Amino acid sequence: MEFLDQFTVTTLRGATPIVLAAVAGLFAIRAGIFHLGIEGLMLVGAFTAVAAGTASGSATVGMLTAILVCLLLSVLYWYLIDKLKADTVIAGLGLTALCVGGTAFAMQVLFDQRGQMASTVRLYRPITGQQEGALSFVSELTIITWVTPLLVVLAWIVLRRSRLGLQIAAVGDYPYGAEAVGVNQSRVRLYALLITGAGCAIAGTQLAIGDVAGFSENMTNGRGFFALAAMLFGGFSAVFTAFAGLFFGFADAFGIFMQINDRSGLPVQFVLLVPFILTILIVSISGYLRKKKSTR
Amino acid sequence: MNRAHAALSAVFPIVLAIALSAVLFFVTGYDVGAVISGVIEGAVTGFGSFWQTLRWSMPLLLIAVGFLFCVRAGEFNIGGQGQMMMGGLGTIVVALLVPGPVCLVLPVAILAGMIFGGLWSFLPGVLKVKLGADEVIVTLMLNFIAVLFVSWITTGPLKDPAVRGETASTPTVDAALRLSSGDGMSVTLLVLIALAVAAAWLIAERTAFGLKLRYVGEAPEAARWQGMKADRLRLWAYVLAGAFAGLAGAFEVLGPNGRLVTGATPTIGFTAIVVTIVGLSRVPGIVLAALLFGGLQAAILFLPIVSDLPSSGLKILEGLIALLITAEFIRRRRGVG
C-alpha cells in the first residue's frame, strides 16, 4: 500500500473507537452527567466482544453481548448517581477502575489467560476486492467504521430533532424547568446513559475485533478520556465532536508515522500533546465567553 | 452532620465492597479464607509487610492531604497524577544536574518538586478562577500532558543510556541523595512525611487561611460579602494541592524509585481522591484511609505468593470502593466536603 493509503487506514482505525465513544458520550454529557466511566465501558465492550465472539464463533454475537453487558453496567451507574446520589465524577472513575480490574479478572477466570488473549473472530469487512492501486485502504475498513458516519448523523438527529434529545438537553441545562413541565428527569438520564453505554460497547468492539483481533489488559489506554476531550473540543455538537475524534485519530497516526520515519528529530510526544493542549484552550475560551456573557 | 453518621457512611460502602468481592471470589472458586489471610499477611503481619504498606501509603497520603485543600475550597482538582509526575521531574532535574554538597542539593531538589507540582496545579487554577474553564477537564488533560512530557524526558534529554528496551527511565540519583533504599521506606522518609502531614493539618485546621478556605467553599456568596479575596484563596488551594502532590513525586524519586520512570504509577492520583473522600475530608481520617489503600496495594503485590487469586481481583475491590463510596446508602444528605 502506498503511504497515503496506510496513513488513511491508521487515522480511521485510530479515530473510529474515539468518535463512537465521544458521540455516544454526548448523550450523557448533554443530560448533565460528566461520565468518566466511558473508558471502563469501552474496555468491557472490548473484552466482552472477544469473549462472547470467541465462545460463539460469531462477531455479531460478540458485539450484541458487549452491548448487553455495557447496558447493565450503565443501569448500575445510573442507579448509583441518580437514586443513591453518588458523586458523578468519583463513581465514574470507580466504574472505570472496576472495569479495568474486572476484565483482567474475568480473562483469567474464564479463559485462563494472563495479560492478553486472541480472538478467533473478526469484524466483517464489506469491501475486500480492492487490494491494489489507489484507494486500496477501503478493504481494510470494518463494517463499524463504514457505519460510523451514519451513526454520527443519527446521533445528531436524535439530539437536535427528537423529543428524547430535547428532553435530554432540558434535563442537562434546566433540570428544574424540565421537571416543571413534566419531564421525568430520572428516566431521561437513564435513557441517555443507556445510549452512551451501547455506543461505548460498539467502540470497544471495533477496538478489539476490528483492528487487532484480541484483547489485552487496559487496551483502551485512555481512549475513553480522549473521547471526553473530543466532546468538549467539538462543543457538544455531534458532527463537530466526530471531527474532533477524527483529529485525535489523525494525531495518533501522525505520531506512529513519525516514530517509523523519524528524520525531523521532533519528539513524537510533542505531536501527541497537541489535541490535549487544544482541548484546554477550547475549554478556557468557551469558559471565558460564558463567564463574560453571564456577568454582563 | 453528626460524626457517627459520617463514619458509618464511609465504613458501610467499604464493608459492602469487601462483601461483594468476597462473594465474587467464592463464586469463581477461590478460597476466600486464604485470600483474606493473604491480604492481612501482605499488608500487616508478614515480614516487612507493614513497611510495604507504609511505602504505598506515602504517595496516596501526600496527594490526598493536598487534594483536601481543593475539596475545602469547593474545587475538584483531579490532576494529582500529573502534579506528582511533574514534581518528580523537578526533583530529578535538580538531583541529576545540580552539583554541590548533599545538604544543599537535597532540600533544593525536594523544593523543586514542590514548585513544579505547585505550578502544574496553578495553571488549571488560573484557568478555572480567572476564565471559568472547568477544572475537572483541564486537570484531566494536564495529567495526559504530564505523562507525555515525562515520557519525552525519560526517552530523550534525561534518558539513561544504560537502560535498553521498553521501559524508559532516567539514570538513578546519587546514593547520597537517596532518602530510602529501593525496598521502600526509611525512618527519614517517615519523619518527613509526618512533618508534611502535620503541616497540612495545621494549615487546614488551625489557621485563618484554612478557615477562610472552608468559608469560600461552603458559602461563596457569604465569603464575598465578608470581603474575602475568594479568587486568591482558591488559587492558593490549587498551589498547595500541587505542592503536596509534587512532594509525593519528589519522595518517589529520592526514595523507593531512585529515578524517574515513565508510567510507574498509573492511577495513583485517582486513588488519592478516593482516599480523601473515604477519610471524610479530615486529616486523621485521610491517614487511616491512606493506610487502608496502601495496605491494599501492598497486598496486591504480595498475594500472588500465597494465593492463586489474580491480583486483578483486589483491583476489583478497589474499584468497587470508589464506585460505592459517595453513594447515600443511609438516607441523609452528605456532600463531598
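The values are calculated or read from the model by the stated rules, or taken from the named source; none is laboratory data. It should be emphasised that the depicted structure is a prediction, and the values quoted were computed from it without experimental measurement. Note: ideal-geometry Cβ built from the backbone for every residue, glycine included; neighbour counts use all protein chains shown.
Odds and ends about this structure:
- Helices (runs of 4 or more DSSP H) (entirely within the range B:156-231) containing at least 2 residues that are within 16 Å of B:PRO256 (Cβ to Cβ): B:187-206
- For the range B:106-144, a residue qualifies if it is facing chain A (nearest Cβ under 8 Å) and either surrounded by fewer than 20 Cβ atoms within 10 Å (Cβ to Cβ) or closer than 28 Å to B:LEU179 by Cα (or both), and the qualifying residues are B:LEU131, B:GLY132, B:ASP134.
- Elements of type helices (runs of 4 or more DSSP H) contained in the range A:1-101, each with 3 or more residues being under 18 Å from the mean Cα position of the chain (by Cα) and surrounded by fewer than 24 Cβ atoms within 10 Å (Cβ to Cβ): A:3-30, A:59-78
- Taking the conditions (1) buried (at least 20 other Cβ atoms within 10 Å of the Cβ); (2) not in a helix (DSSP H, G or I) in turn, B:PRO99 satisfies each one other than (1).
- For the range A:121-133, the count of residues that are in contact (Cβ under 8 Å) with a residue 40 or more places away in the chain and over 21 Å from A:LEU68 (Cα atoms) is zero.
- Scanning the range A:70-80 for residues that are closer than 17 Å to B:ILE330 by Cβ and more than 8 Å from chain B (Cβ to nearest Cβ) gives a single hit, A:TYR79.
- Residue in the range A:222-230 that is away from chain B (no Cβ under 14 Å) and under 23 Å from B:MET141 (Cα atoms) present: no
- With respect to the conditions (1) of a type in the set (Gly, Ala, Ser); (2) farther than 25 Å from A:LEU159 by Cβ; (3) surrounded by 16 or more Cβ atoms within 10 Å (Cβ to Cβ), A:GLY265 lacks only one, and its number is (3).
- On inspection, A:PHE226 fails the criterion of being aromatic (Phe, Trp, Tyr) and more than 30 Å from A:GLY53 (Cα to Cα).
- Applying the condition of being part of a loop (DSSP other than H, G, I, E, B) and touching a residue at least 40 places away in the same chain (Cβ under 8 Å) to the range B:290-328 and asking which residue is farthest from the other protein chains (Cβ to nearest Cβ) yields B:SER307.
- Residues (more than 29 Å from B:ARG259 (Cβ to Cβ), touching a Leu at 6+ places or on another chain (Cβ under 6 Å) and at pLDDT 95 or above) located in the range B:93-135: B:GLY125
- Residue in the range A:273-295 that is among the charged types (D, E, K, R), touching a residue at least 12 places away in the same chain (Cβ under 8 Å), assigned to a helix (DSSP H, G or I) and more than 9 Å from chain B (Cβ to nearest Cβ) present: no
- Unmet requirement for A:GLY204, which otherwise passes all of (1) without any contact (Cβ under 8 Å) to a residue 12 or more places away in the chain; (2) part of a helix (DSSP H, G or I); (3) in contact with a Ser or Thr (Cβ under 8 Å, 6 or more places away or on another chain): (1)
- Every pair of residues 6+ apart whose Cβ atoms lie under 6 Å, when the first sits in the range B:207-223 and is under 13 Å from B:LEU68 (Cα atoms) while the second is at pLDDT 90 or above and assigned to a loop (DSSP other than H, G, I, E, B): B:LEU213/B:ALA73; B:GLY217/B:ALA73; B:GLY217/B:GLY74
- Subset of the range A:84-103 [within 14 Å of B:THR326 (Cβ to Cβ), among the β-branched types (Val, Ile, Thr) and more than 7 Å from chain B (Cβ to nearest Cβ)]: A:THR88
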